[in-house]
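Right, one structure below, let's go through it.
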Protein chains: 2
Amino acid sequence: MGKKHKDGKKSKSKKKDQTEYTLVDLSPALTQAARSMRTVLSRNLFESGLYAGQDGVILSLAESDGMTAGGLAQKLGVKAPTMTRTIGRMEAQGFLERKPDAEDARLTKVYLTALGRDSVRAIEMAASACDRLATQEFSEKEIRNLVRLLKAIDANLQAEAHAIEEPDED
Amino acid sequence: MGKKHKDGKKSKSKKKDQTEYTLVDLSPALTQAARSMRTVLSRNLFESGLYAGQDGVILSLAESDGMTAGGLAQKLGVKAPTMTRTIGRMEAQGFLERKPDAEDARLTKVYLTALGRDSVRAIEMAASACDRLATQEFSEKEIRNLVRLLKAIDANLQAEAHAIEEPDED
DNA sequence: TCTTTTAATTAAACAGTTTAAGGGCTGCGC
DNA sequence: GCGCAGCCCTTAAACTGTTTAATTAAAAGA
C-alpha cells in the first residue's frame, strides 16, 4: 500500500513555520535497503565464518596489506576501539594477524593470513551475488548511477560528520 | 586513491571457474552510505531523546496507530524480541504505550503518547535535514530515482530473505 | 476438553559501537 | 642526554541492536 504517494503523507503539516522541508523518504529507504542487504550478505558470508562488518577489513587488507589499525578504523568509518575489537576477533578466527611495525613500535600493522587471503574471493562472490540479487532488473546505467549517488551521499554526510567534530574548541 | 577503477580491482581474478561475477561495488557503497546516514541521523535525533532505530517505530505508529508488536517487527524487518525490547525502552522513555487488545488478549497493541506524537515532527525534520544534506547537489530526478532503486533493492532482497526461511520443512 | 497454533515476552548470548582511561613509544625542546 | 608532550593502540565499562531458544498466555479446532 502507498505506492502512489507523490508528496502525500506531508498533508498533515500543521502550517507552522514549516521550514519547508521536502520529504524525499531517502533515509528510511536507505536504512531499509541497507538492513536487508546486511541480512542477506551476512547469510552469504556465514559459511566463510565471517560476520558482516568483517568483510570490509579483509577487503581493505586485500587491497593494501599491512594497514595500521587506525588506518583501517578511519577507512571503515569506525572508532579505534571498535577496530581493535574487530581485529582481535578476526585474529582469533585466524583471518589476520597483528605485527608491530619495525620502524615505529607504536604502530600495529595488520596482515592477512593465508586463510584471510582465501576468504577474499568468497567475500567478493558473496557480495557480488548479493549485489546481483539486489539489482536484478536494473540496467547497467541505473546501477552505475546508484553507486555513484551512494558514494556522493557518503561523502556529503562524512563531510558534515567531521565538520561537527572539529570546530569544538570552546 | 582508486577513483578511476572501472572494473579494475577484478584484475586479480585467478582465472578459476570465475562464475563471471561482475563487481558493481554496490554493497560496500550502500553499507557505507547507510552507516554515515545513521551517524548523522542519530545525532540529529539525539535532542529528541531518540536513538536511530526508534524513529521507524514512531513513524509507523504515526501512520497507523495501534499496530501490534509483531506487526511493527515485520514492518521494520526485525525479529519479535528486538521489537519487544525496543518497545519496552521507548515505553520507559514515554514515547508510546502498550495496551492489550480488547478482542484478542494475545495481541499487544502499541499507541503513541502525546510525547510520541510530538516527536513525529522532530523526526521528520531530522530525517529531511539529513536527506537534504546527503543529497545536496542532486537533482530532483536523481533523488527520485535513487529512492526508487533503493526500494526496489529492499524488495528484491526481502523476497530472497524470506524465500530462504520458508522452504525449510525437510 | 484437550491439543495445536499463535503472539508476546524473557533469557542468554554475541556483534558493534562509543567514551574514557591506561600504557608504550617517538620526537622535540632544553 | 633528559624529560615531557603527543600519538597510537588497547582495555574497560556501558549501551543498543540483534538473534535463537524457551516460556507464558490465549485463541482455535478436533
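The values are calculated or read from the model by the stated rules, or taken from the named source; none is laboratory data. Please read all numbers here as calculations on a predicted model, not as lab measurements. We place every Cβ from the backbone using ideal geometry, glycine too, and count neighbours over all the protein chains shown. To get the accessible areas, we keep the full protein, side chains included, count just its heavy atoms, and leave off ligands, DNA and RNA. Shrake-Rupley method; radii C 1.70, N 1.55, O 1.52, S 1.80 Å.
Couple of notes before you dig in:
- Look at region B:99-123: where a residue is closer than 25 Å to B:Arg43 by Cα and a partner is polar (S, T, N, Q), sitting 6+ places away or on another chain with Cβ atoms under 6 Å, you get B:Ser119/B:Ser48; B:Ala122/B:Ser48.
- Odd one out for A:Leu50 among (1) assigned to a loop (DSSP other than H, G, I, E, B); (2) within 11 Å of DNA strand D (Cβ to nearest atom): (2)
- If you go through region B:132-155 and keep only what is open to solvent by less than 40 Å² (accessible area, probe 1.4 Å), within 15 Å of the chain's Cα centre (by Cα) and either modelled with pLDDT under 90 or of a type in the set (Val, Ile, Thr) (or both), you end up with B:Val147, B:Ile153, B:Asp154.
- Residue match in region B:107-124 (condition: open to solvent by less than 10 Å² (accessible area, probe 1.4 Å), more than 16 Å from DNA strand C (Cβ to nearest atom) and at the interface with chain A (Cβ under 7 Å from one of its Cβ atoms)): no
- Leading residue by the ranking (nearest to DNA strand D (Cβ to nearest atom)) among those in region B:92-138 that are among the acidic types (Asp, Glu) and farther than 18 Å from A:Ala29 by Cβ: B:Asp104
- Residue match in region B:65-85 (condition: within 22 Å of B:Arg38 (Cα to Cα), away from DNA strand D (no atom under 15 Å from the Cβ) and in contact with a Phe, Trp or Tyr (Cβ under 8 Å, 6 or more places away or on another chain)): no
- Selection within region B:51-92 - of a type in the set (D, E, K, R) and in contact (Cβ under 8 Å) with a residue 40 or more places away in the chain: B:Asp55, B:Asp65
- Only a single criterion out of (1) assigned to a helix (DSSP H, G or I); (2) touching a Ser or Thr at 6+ places or on another chain (Cβ under 7 Å); (3) within 14 Å of DNA strand D (Cβ to nearest atom) is not satisfied by B:Arg89, namely (2).
- Every test in (1) open to solvent by less than 30 Å² (accessible area, probe 1.4 Å); (2) at negative phi is passed by A:Gly66 save one, and that test is (2).
- Some residue of region A:69-81 being within 14 Å of chain B (Cβ to nearest Cβ) and away from DNA strand C (no atom under 14 Å from the Cβ): yes
- A:Arg35, sole failed condition from (1) of a type outside the set (Phe, Trp, Tyr); (2) open to solvent by 30 Å² or more (accessible area, probe 1.4 Å); (3) assigned to a helix (DSSP H, G or I); (4) touching a residue at least 40 places away in the same chain (Cβ under 8 Å): (4)
- Residue match in region B:50-61 (condition: surrounded by fewer than 18 Cβ atoms within 10 Å (Cβ to Cβ), at the interface with chain A (Cβ under 7 Å from one of its Cβ atoms) and either touching a Lys or Arg at 6+ places or on another chain (Cβ under 6 Å) or among the aromatic types (Phe, Trp, Tyr) (or both)): no
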